[in-house]
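Each value in this text was obtained by applying a stated rule to the coordinates, not by laboratory testing. Worth saying up front: this structure is predicted, and the values here are computed from it rather than measured. All Cβ positions, even for glycine, are placed from backbone atoms using ideal geometry, and neighbour counts span all protein chains on display.
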Amino acid sequence: MGAKIATPGMDDQPSMVGSEQRAGDPWKAVIVVRDPGDLYEVSPDAPVLDGAVMLHYLDGFIDAGAAGKLLSAHLLGTLEHEEIARFDVDRLIDYRSRRPPMIYSRDHWEHYEAPELAVHLLKDTTGTQFLLLNGPEPDLEWERFTKAVRDVAARLGVRMAVGFHGIPMGAPHTRPLGVTAHATSPGLTTGYPPLVDRLQVPGSVAALLEMRLGTEERAAVGFAVHVPHYLAQAAYPAAAVTLLESVARATGLQLPDEALRDAARETDDEIRRQVEGSEEIMEVVQALERQYDAFAEGAEREGLLADGSERMPTADELGAQFEQFLAEQQGRADSADS
């Protein structure tokens, strides 16, 4: 349900979960959310956890190098897990914008791959339980969905939510990958230098969830690994490894990484062969290395991205880069559907 506009003193005001008052403006934007209870179903066998962590990755927003998708698939593929909650995708997904694949066999339709948006219960290598919310990013009812997620998290005893994905960046693959962190409390981002002071980018459900959790004074943090822009459209396991390390540091979870690191080494070897075989690509990488190393010289003062004497992308340039990445992703999806 969309936003409603109401004035102070109206007799018949709908219930709301949030509002935005502009300075000097008597009009108030009111966010109206219907009961989210029928958006999800929690298994009767779901345990009530004592201060567990909930990781979340929703496919559909910026994820350069498929970093978030790779990490999510890695965790589900290597750790014991079970589904304990499920969301009603028929209410949340626009199937015409993201058509689910179907299999046609000879003279009949054989299989329909229905999208799934669910919460899984996993155990790390020491047996510590945690949750993973995984599936397609909802197209519809963002406020209602994020309220539903918060309700499920409270019901299951979640103490902190952690999101992760990749963003394209003008950096070389031959240097350590940077990470931008954002959170509902400054203490959760200690050790991560800010990328820019202020930046407008396309919204996402993950970002809205984190913001709404902050409004409720609940702990939430997100990590965006910096993926070399020339690798943004390819699967880049090294970026997923960097995300795993950030998630592990923030949560204390002991997460397996061997399979991801093996995949990263294989991919890095292939990238190295391609770079060595092209003078044009080699020149691009070397230019990025020089730029990176120039920034690194100022790292001891305020961090890699803080030296104002060097040319850094402006907030508008970064926002435009993210917009372009999303447009390219949408174009690829449209081509696949046609």
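Note down the net charge around residue 102, summing +1 for each Lys or Arg and -1 for each Asp or Glu among other residues with Cβ under 11 Å from its Cβ.
My count for the surroundings of residue 102 gives -1.
So, in nm, how far is label residue 139 from label residue 155 when the simple model puts each one 7 Å beyond its Cα toward the Cβ?
With each label point 7 Å from Cα toward Cβ, the separation is 2.6 nm.
Hey, fewest Cβ within 10 Å first, where do 105, 97, 72 land in order? Each step should come with its number before you reach the end.
Working: 105 8, 97 12, 72 26.
In increasing order of surrounding Cβ atoms, one gets 105, 97, 72.
What's the ranking of 152-161, 118-127 by average number of surrounding C-beta atoms within 10 Å, highest first?
Numbers: 152-161: 19.2, 118-127: 16.3.
Taking the mean over residues of other Cβ atoms within 10 Å, the ranking is 152-161, 118-127.
Can you check what the net charge comes to around residue 245, using other residues whose Cβ is under 12 Å from the Cβ of residue 245 (Lys, Arg +1; Asp, Glu -1)?
Working: positive: 249, 261; negative: 257.
Surrounding charge for residue 245 is +1.
Going by the alpha-carbon gyration tensor, a ≥ b ≥ c the square roots of its eigenvalues, is region 36-265 rounded (a/c under 1.5) or, if a/c is not under 1.5, prolate (a/b greater than b/c) versus oblate?
Numbers: a/c = 1.37, a/b = 1.13, b/c = 1.21.
Rounded, since a/c falls under 1.5.
What is the sum of charges around residue 39, taking Lys and Arg as +1, Asp and Glu as -1, for the other residues whose C-beta is under 13 Å from the C-beta of residue 39?
Once positives and negatives cancel, what remains is -2.
Hey, what's the Kirkwood Rh for region 65-167 if you take every pair of different alpha carbons, in angstrom?
On the way: mean 1/r = 0.0639 Å⁻¹.
Result for region 65-167, one decimal place: 15.6 Å.
Arranged by the count of other C-beta atoms within 10 angstrom, fewest first, what order do 84, 167, 93, 103 take?
Details: 84 19, 167 26, 93 22, 103 10.
Listed from fewest to most nearby Cβ atoms, that is 103, 84, 93, 167.
Along Cα→Cβ, 7 Å out, is where each label goes; now give me the distance between the ones at residue 287 and residue 207 in nm to one decimal.
If labels sit at residue 287 and residue 207, their model points lie 2.8 nm apart.
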